[in-house]
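To start, the structure under review is shown below, and the notes come after it.
The values are calculated or read from the model by the stated rules, or taken from the named source; none is laboratory data. Small disclaimer: the values here were computed from a predicted structure and weren't measured. Don't worry about glycine lacking a Cβ; one is built from the backbone with ideal geometry, like all the others, and counts go over all protein chains shown. Remember, those area values only see protein heavy atoms, side chains included, never the ligands or the DNA or RNA. Shrake-Rupley method; radii C 1.70, N 1.55, O 1.52, S 1.80 Å.
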2 protein chains.
Amino acid sequence: MPVYSPPVRDMKFLLNEVLEISQYSALPRFEEAPQDLADAILEEAAKFAEGVLQPLNMVGDTHGCTRNADGSVTTPPGFKQAFDQFVENGWPLLTAETEYGGQNLPSVLGIAVSEMISSANMSFAMYPGLTRGAVEAILAGGTPEQKEKYLHKMTSCEWGGTMNLTESHCGTDLGLLKSKAVPQADGSYKITGEKIFISSGEHDLTDNIIHMVLARIEGAPEGTKGISLFIVPKVMVNDDGSLGERNSMICSSIEHKMGIHGNSTCTLNFDEATGYLIGEANKGLRLMFVMMNAARLGTGMQGLCQAEAAYQNSLAYAKERLQGRSLTGPKNPDGPADPLIVHPDVRRMLLEQKAFAEGARAFLYWMALHGTLEDVSDDDATREKAGDYMALLTPVVKAYITEGGYKGATNGQQIFGGHGYIEESGMSQFVRDARIAMIYEGANGVQALDLVGRKLAMHGGRPLFSFIAELDAFMADNQGDAELEPFLDGLKTGRENLNEATTWLMENGLSNFDNAGAGSHDFLQLVGLTCFAYMWAKMAKAALAKADSDDPFYANKLLTGRFFLARVLPEIGGHLAKIKSGAEPLMTMSADGF
Amino acid sequence: MPVYSPPVRDMKFLLNEVLEISQYSALPRFEEAPQDLADAILEEAAKFAEGVLQPLNMVGDTHGCTRNADGSVTTPPGFKQAFDQFVENGWPLLTAETEYGGQNLPSVLGIAVSEMISSANMSFAMYPGLTRGAVEAILAGGTPEQKEKYLHKMTSCEWGGTMNLTESHCGTDLGLLKSKAVPQADGSYKITGEKIFISSGEHDLTDNIIHMVLARIEGAPEGTKGISLFIVPKVMVNDDGSLGERNSMICSSIEHKMGIHGNSTCTLNFDEATGYLIGEANKGLRLMFVMMNAARLGTGMQGLCQAEAAYQNSLAYAKERLQGRSLTGPKNPDGPADPLIVHPDVRRMLLEQKAFAEGARAFLYWMALHGTLEDVSDDDATREKAGDYMALLTPVVKAYITEGGYKGATNGQQIFGGHGYIEESGMSQFVRDARIAMIYEGANGVQALDLVGRKLAMHGGRPLFSFIAELDAFMADNQGDAELEPFLDGLKTGRENLNEATTWLMENGLSNFDNAGAGSHDFLQLVGLTCFAYMWAKMAKAALAKADSDDPFYANKLLTGRFFLARVLPEIGGHLAKIKSGAEPLMTMSADGF
């Protein structure tokens, strides 16, 4: 049976020693999270994730969700009890707003808790995850009445929430969507249409589900400029907050997917269902992107989570499984063979996973920190920089970390050999679950295009220049530190490649947009590697500060970082060469020539 | 529903224009395959693969195999009828020996037919595939009586065959195996033990299954030097060839796997089953490697097959699915959106698949040609070189092509977006099926170690020097050909990286074997890229020879090759850098430090 033990030690290292969040303790949100409270929360969350959610992970995969004849959906055995416990213990309220009962803690702490939950059970984590997305949209665009009516129950996860974007003929290109909204005399709308791939779309975990639905008001313009967002409750909510009649929408089927079987991915049919406009008419996409941006960080995190879970299991297997002898002579001479971990190529696969997971965790937490600073910092420049980083690097987090997560899970499975291909080991599930994160919330190719097509040129390129300036400042501040030097060299490699790639894109991508599109995937990978190089430099600096500690954690952190420099970062040059080859190798062939 | 249309045009191009097999028509085997016959065979095989086997591929995935209470196994609906047709039409006999009813055709033709069958239905193809492995072992080590008794029925696939190596505690390290063989007065043995992960281990497709089983004769030495190979029929065969009693072995369970559900992967329990020693006692591993080597080429081919099938489906989807607009202005202005294929990053994913599949096909067919030349050439030097290439490059074919196949299938799935994650599209199956090929028949890490640890130094390095000499000769012979120049430059890049990597390994791998192990994966990738660069140079040369043809096939072949040079080959430098970083970044951390 697979295991998962939350890496609380590594999380504390990031929060307290790398990001040093205590420096922000005078700011809102951060002031609610003194280190002893933060540590206690991490410890409690770890118990819940490991003790309650992880044992249900394979149950969810094996049983999946069942759609019943009446359109209701039964989640896998144990999910309802675990969810009740999750709500009762107040986990959804951790980072939520005080006015809705929340604890108002900073995202950088919330993401650590979310990581544990999603590593333990990705399908389970998606129920509150989607609910939070819907909450963000109502917070951003709802009227005071709408907020009052829905947010108390949704924030606590007593009610669920969903995002209804996709229709069978359109996912990425939402301008094509056909769902209709017909205005009613009372100010509400009748919503009609079919939405597919709706995560957490129907289930038995909550009394109500508040669907956020994109539809086109009768007579609205075609394309993306005629799309509005609606609140469509599964069960109507009376003015006193009590539940009324069932709305006219139903789950018509649940999908048979490669993974995340424990989450109900539904086709939802709206048949003149009652909905309420949220935000301005025809400007629904803007509001939907509020949800999407938060969701993209969460999706990037899912890549980390599956890689971490796969790593832990493959590490345990590599230490325990005896097979073959070390190339340099037996290391377990009294046993019938040496453990797998003596073999260099097994270590390569383990360290690729480990260096990825630790780098990705640092990157995600650093981003989450900026997400909160953007809201609460009392310094204009800090808020601006934080907003710039969130805009620029969200697509990188989403695509680079989900792709790395899939590779990491695949490496973990590989270490198990044939046993990894058998479902009982759980390694296949990590790969199958990780796979979706590269696809949903904007496929990774869409993220890459967002990066080169929008984020790079935003505010005259300010976000990228700001990021490069931070790298330069770090290098300048630490120049001459002999022990940090290899990490500064790695950062310099990243920075130089980034500079050359950006210059090439500026010179060639504006005259021919296909040059930008052709290089987008590799540019995103290159930025991802540079971000990781920066994270490893920051982690190395924090670890070197404890060079005289007895705790081997610090020395091992430095070794993992050195592995990244020697065995991961060298990929960057290949990405640069591919970018500079331009559009011609991709665009010349006619469609019939393929 | 997924589709598959065998790429017969590309196969003919390789056989007739790149490898020019007509030049060998005076040699045994080749003399049986004039071009008109070869073409007719390809056309017929294509019909069978597309018309009969492909429609059963998803059926196999959905239904899987069922173990019945009596230990018998029922294959998916339709498999038995298709298998009967496969046998009746004589497909297994194509490359088989004349004395057992075979047509004695060269492997380079057989591999094209095998590719079609495995692309259409990988799980189905494994039943005859494993049988052929068992045939090879009996051909190599059986007595005349054993050959007479088993090979007629096995060659035609009227009986099945299996390879029984793995036990629960050992796969790679067969020296640990525990199955026992006790000699009997009549010269037979009683075999007792449990074997796991036995592909095609029990099924309803044939009247009998001949298991090739590794076991240790009572009193034999421990480790790999005490392992013998046994023929263990499922049903005993009487001297007159008729079937006798059921042998004392049973399928105790079938595995729940990530993919290849249509193939029955069994745990087989042998309980004093009657077996017959084949080859010398205690030298069973040597014979088993006869099977394994042939199987490794076939496993490499499986990588190509799943990538090809995924490519075809993702290409059709990219042409048909309307989503978004081209970055350079609408290409389908009258439609609601442009087809996916206008987007550069979609083309990147398509061309990565296409350049991989065509390069892999060339590499595999070129290897298959050498496999036959090793046997039938009348020239000593040609036979030696062919044998050297088979030894050196079999691990490269197995690991590089299976890894590329998994990546290719993943790319194909990605193009489908959310629809690719839903099982109905069939894209998930390609990924899940492709995944096993990186694991079985020697995990890819074992292939890499075989390459650097054994094959590189074999015969004083002759195989690699011989290969490099061929590359040099090709470059010298074609020097000054302006149109071929980019391909010659690509080949030079490969050759230089290969040279530098080999020199580094020679200087550092012998003094510390861990340096060789640490670089093994990247060295194999580097050799794979160099082989592909050579194949693309050869294909470009053949295509350029038809530069004035009206058939756009040739121009598109050159464009695909140029994509390889611009967008795949640049990865080679990263692999070299990783190799040269040596063992230290991998081996320093203690096992507890992970």
- Item | Whole-number percent relative contact order across region A:370-450, with pairs defined as alpha carbons under 8 Å at least 6 apart | 28
- Note on the structure: If the chain between A:D36 and A:S590 were fully extended at 0.36 nm per residue, the gain over the current Cα-Cα distance would be 193.2 nm
- Message: Buried by at least 20 Å² relative to the chain on its own: which residues of region A:329-346 qualify, computing accessible area with a 1.4 Å probe on protein heavy atoms?
- Response: A:P336, A:I341, A:P344, A:D345
- Message: Once the label point is set 7 Å along the Cα-to-beta-carbon vector, what list of distances in nm do you get between A:D70 and its counterparts in the other copies?
- Response: 4.5
- Over all residues in A:166-172, what is the mean tally of Cβ atoms on other chains that come within 10 Å of each residue's Cβ? 4
- In the P(r) worked out for the protein assembly as shown, what percent of Cα pairs fall beyond 42 Å? 43
- Alpha-carbon centroid distance for the pair region A:211-273 / region B:335-353, whole angstrom: 31
- Any idea how far the Cα center of region A:477-539 sits from the one of region B:496-553, in Å? 28
- Task: Let me know the charge dipole size of region A:396-487 about its Cα centre in debye, to the nearest 20, where only the beta-carbon of Lys, Arg (+1) and Asp, Glu (-1) is charged.
- Result: 560
- Inter-copy label distances at B:D204, 7 Å along the Cα→beta-carbon direction, one decimal in nm, shortest first? 3.5
- Task: Taking only protein heavy atoms into account and a 1.4 Å probe, give the accessible area per residue of region B:8-141 in Å².
- Result: 37
- Task: Quick one: which residues, 5 or more positions from A:T166 or on another chain, have an amide H under 5 Å from its amide H? H modelled 1.01 Å from N in the peptide plane, none for Pro or chain starts.
- Result: A:I196
- Once phi for every residue in region A:577-587 is put through the Karplus expression 6.51 cos²θ - 1.76 cosθ + 1.60 (θ = phi - 60°), the whole-Hz ³J(HN,Hα) values, with Gly and Pro written as x, are 4, 5, 4, 6, 6, x, 7, 3, x, 9, 9
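Using packing as a proxy for protection, rank B:431-441, A:46-56 so that the peptide with the highest average count of other Cβ atoms within 10 Å comes first. All intermediate terms of the calculation are to be shown ahead of the outcome.
On the way: B:431-441: 26.9, A:46-56: 19.3.
So the peptides B:431-441, A:46-56, ranked by packing, come out B:431-441, A:46-56.
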- Out of A:G241, A:G573, A:G259 - ranked by how far each Cα lies towards the positive end of the dipole of chain A, with unit charges on the beta-carbon of charged residues - the top one is A:G573
- Across A:K492/A:K541; B:K398/B:K492; B:K319/B:K354, pairs whose alpha-carbon gap is larger than 19 Å: B:K398/B:K492
- Reported to the nearest 10 Å², A:L205 has, with a 1.4 Å probe, an accessible area equal to 10
- Message: Once ligands and nucleic acids are excluded and a 1.4 Å probe is used, how much of A:Y406 is accessible, expressed in Å² to the nearest 10?
- Response: 10
- Message: Which lysines, if any, have their Cα less than 16 Å from the Cα of B:K225, not counting same-chain residues under 8 positions apart?
- Response: B:K178, B:K180, B:K283
- Item | Using a 7 Å Cα-to-Cβ projection, B:P333 label spacings across copies, nm, ascending | 8.1
- Query: Across peptide A:415-428, what mean number of C-beta atoms from other chains lies inside 10 Å of a residue's C-beta?
  - Reply: 5
- Message: Please enumerate, by chain and number, the lysines with C-alpha under 16 Å from the C-alpha of A:K257, excluding those fewer than 8 residues away in the same chain.
- Response: B:K257
- Measure nothing but the geometry: give the 0 to 90° angle between the long axis through the Cα atoms of B:122-141 and the longest principal axis through the Cα atoms of chain B, rounded to 10°. 60
- Kindly provide log₁₀ I(q)/I(0) values, in the same order as q = 0.11, 0.22 Å⁻¹, from the Debye equation applied to equal alpha-carbon scatterers of region B:132-246. -0.36, -1.36
- Rounded to the nearest 20 Debye, what is the dipole magnitude of region B:45-167 about its Cα centre when Lys and Arg each give +1 and Asp and Glu each give -1 at the C-beta? 120
- Message: Out of the total accessible area of region A:487-594 (probe 1.4 Å, heavy atoms of protein only), what percent is carbon and sulfur?
- Response: 51
- Message: To make sure I understand the rule: partners must be aspartates and glutamates, Cα under 20 Å from the Cα of A:K149, and not fewer than 8 residues away in the same chain. Which ones qualify?
- Response: A:E97, A:E99, A:E136, A:E158, A:D186, A:D207, A:D239, A:D240, A:E245, A:E280
- Tabulate in residue order the Karplus-calculated ³J(HN,Hα) for region A:275-285, using 6.51 cos²θ - 1.76 cosθ + 1.60 with θ = phi - 60°, rounded to whole Hz; enter x for Gly and Pro. x, 10, 4, 10, x, 7, 4, 6, 10, x, 5
- Compute the separation of the alpha-carbon centres of region B:404-435 and region B:104-163 and state it in Å as a whole number. 29
- Message: Quick check for you: with a 1.4 Å probe and neighbouring chains kept, what is the accessible area per residue of region A:445-594, in Å²?
- Response: 38
- Item | Cut-off under 5 Å, modelled amide H: who pairs with A:I278 long-range | A:L229, A:F230, A:I231
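Counting partner chain Cβ atoms within 10 Å of every residue's Cβ in A:351-358, what's the average? Don't skip to the answer; put the middle values down first.
Working: counts 4, 1, 1, 3, 1, 0, 0, 0.
Partner Cβ neighbours, averaged per residue: 1.
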- Task: Calculate one ³J(HN,Hα) per residue across region B:64-81 by plugging θ = phi - 60° into the Karplus curve 6.51 cos²θ - 1.76 cosθ + 1.60, and present them in order as whole Hz with x for glycine and proline.
- Result: x, 9, 10, 8, 8, 4, 7, x, 6, 10, 9, 7, x, x, x, 5, 5, 4
- Query: Which of the chymotrypsin sites (Phe, Trp or Tyr not before Pro) found in region B:74-133 are loop residues per DSSP with 15 or fewer other Cβ atoms within 10 Å of their Cβ?
  - Reply: none
- Item | q = 0.14 Å⁻¹: log10 I(q)/I(0) that the Debye formula gives for region A:443-587, counting C-alpha atoms only | -0.69
- Summed buried accessible surface, chains B and A, 1.4 Å probe, nearest 100 Å²: 7600
